[in-house]
Amino acid sequence: MIRQFECRILWNDKLDKNLLISEFEIDSSRYESSDVAVVSCILKVGQGTEWYQSQCVHSPWLTLQMRDVNASVVWNTVFEGRVDCIRRAHGQSKIEFECRDAMAALIDLRLQNEWINHNGSDLLYAVAQKANLEIDIEFPSTISDGMCGQFWQVEHKRNILLSQHRFQTAADIVFDIARDMSCDLYAAGQKIMCRPIRAVPQKDDEIFDLRNCLYEGTLSSDLALNKGITVCFSSWDSRQRIGTTVYYDGVSFSKNEINNNKIYSFRVPGKRLEDLKRLAKSKYNRLMSHAVSSEISVPGMFGLAPRKFVALLWEGKVSYFSVDRVVSHFSHQHGFLQNVTIKKRVV
């Protein structure tokens, strides 16, 4: 069946009938950044562009939806975000919107607040409240949500006068907490989601089966990572005047260098040995997730997004890959296509 797509824009859930979408590109990833969309439209004849210059400031939330009219009447939301920039062509009816998702509110927010004796979830709620966002938190059951505010505040006060201090934005704080708790942090509409990182699909997860799908791409293997690496974490407890160092090679922990593997070293303030072991293992898994990856191009699929899973035939067996990045392209000339980065994630 030939696919025939329709697109539309909603402003605060209200349909804009004056815009005809000619093309768009959406770049979404699981990395520590906002998802970005650039939407090009044609303004209907006889309609002025003043509304998009004045009123859009008061109604900036854009929802981009699509549907395949030959397959379903249901509209699928492919992007939600805030408009950052509007371009209008001189003497033409072309207008272009640049947008970022809700994570942009945290990236743009500078904080110098004090949070004493807070745990990780307390800090996430406090930061989200400052950004006027909702947040939904789920930490792994195997990791204790311990107190962390006092150590953060000591370091923050030491560096508050420096232009390059550790936590410059609200996003710096929440992403750091998410890394410590082995979680992904991302936007879902106007809500921030914090969820444990998963390497394989769970019972209710949606899986995109690409075994019989026409796609093209490459499979990459990082030989440096495949040879083996060692992660080193160090910490200094200023209260007890004790320094702690731990090495992890994917098999065992040691206080001394384990082997001749390439070493990745990191420092964190005020952590105990148990914390350093957890952080070292988490960082090792994150690094090793880059050992095997693939870049593929597929016909556009609704719902395909970072943190989803795809099934592929790899070395003669069905293997599940985690989606790291999706760049979606749509135009009336080339249709709906997606470039996808997938990896064998390790947890």
Using the alpha-carbon centroid of each, what span in Å lies between the stretch 287-345 and the stretch 65-79? 20
For the stretch 180-259: rounded, prolate or oblate by the Cα gyration tensor [a/c cutoff 1.5]: oblate
Checking rank on 140-146, 70-76, with mean other Cβ inside 10 Å and highest first, the result is 140-146, 70-76
If a paramagnetic tag sat 7 Å from the Cα of Thr142 along the Cα-Cβ line, which residues of the stretch 242-273 would have the backbone N under 14 Å from that point? 250-252
Per-peptide average of other Cβ atoms within 10 Å, ordering 317-323, 278-284 highest first: 278-284, 317-323
Which residue, Gly228, Tyr264, Leu279, has the largest displacement toward the positive end of the dipole of the stretch 223-288 when charges sit on each Cβ (Lys, Arg +1; Asp, Glu -1)? Leu279
Let me know the whole percent of all Cα-Cα pairs from the stretch 194-347 that are separated by more than 21 Å. 56
With r as the distance between the Cβ atoms of Asn339 and Ala188 and R0 = 35 Å, compute the FRET efficiency 1/(1 + (r/R0)^6) and round to 0.05. 0.95
Computed curve, the chain, Cα-only Debye sum without solvent term, log₁₀ I(q)/I(0) at 0.06, 0.08, 0.11, 0.16 Å⁻¹, is -0.28, -0.48, -0.87, -1.42
Based on the Cβ-Cβ distance from Ser265 to Lys44, what FRET efficiency comes out when R0 is 51 Å, to the nearest 0.05? 0.30
As a percent rounded to 5, the proportion of antiparallel DSSP bridges among beta bridges in the stretch 213-308 is 65
Looking at the square roots a ≥ b ≥ c of the eigenvalues of the Cα gyration tensor of the stretch 223-288, which shape do they give, rounded for a/c under 1.5, prolate if a/b is larger than b/c, or oblate? prolate
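A short reminder: the numbers here are calculations on the coordinates, not readings from a lab. Just so we're clear, the structure is a prediction, and the values are computed from it rather than from any experiment. Cβ sites come from the backbone with ideal geometry, for glycine too, and all protein chains shown count toward neighbours.
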